[in-house]
């Protein structure tokens, strides 16, 4: 499922915008309703989910979000969206931590579709970013934000060539 928001209507404007990387490891957390979520996004044009965030002091609504698959192949970016809330405290398994809501604009099933793999993300300038974060919701290096968005949009438009 690919739904690309036009640059005119997207809250993220590039050229100095902030972006964050969120990790998902299927070996630690099953996304059992991923296909349902993809269908929901395709049908309604909206999918909101919450994620833990390490950069809770700097993240703001409207910032760009990318989700990277870790732990199992294929590894790479498979989803994107926009931060849709201020950070809020939540509790899970007796631990309190910060979370944010993400409004997804793209969600791909890494087990069924091509994703933007580390082979591409670890080349050129993008190689300067840590693509395997220990914490979810880390800042993407500001000089790389626009380049990453360009590579992501090119990938989505030309997946067969990647």
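Each reported figure results from applying straightforward, stated rules to the coordinates on display, with no laboratory input. Just so you know, these numbers come straight off a predicted model, no measurement behind them. When we count neighbours, we look across all protein chains shown, and the Cβ atoms used for this are built from the backbone with ideal geometry, even at glycine.
Extension gain for residue 153-residue 109 works out to 14.2 nm (0.36 nm per residue, less the C-alpha to C-alpha distance). Fewest-first ordering of 89, 144, 107, 121 by other beta carbons within 10 Å of each residue's beta carbon gives 89, 144, 121, 107. Computed over the range 19-156, the range of Cα coordinates on each principal axis works out to 40, 32, 28 Å, biggest value leading.
A Förster radius of 25 Å combined with the Cβ-Cβ distance from residue 160 to residue 60 puts the calculated FRET efficiency at roughly 0.10.
The stretch between residue 29 and residue 42, if pulled fully straight at 0.36 nm per residue, gains 2.3 nm over its current Cα-Cα span. With the helix formula -39500 (n - 2.57) applied to DSSP H stretches of n ≥ 4, the chain reaches a computed 222 nm mean residue ellipticity of -5000 deg cm²/dmol. The fewest-to-most ranking of 152, 31 by surrounding Cβ atoms within 10 Å reads 31, 152. Cβ-to-Cβ counts within 10 Å put 43, 132 in ascending order as 43, 132, the fewest first.
Just checking the listed ones, 123, 103, 58: in the Gaussian network model of the chain with Cα springs under 10 Å, the one fluctuating most is 123.
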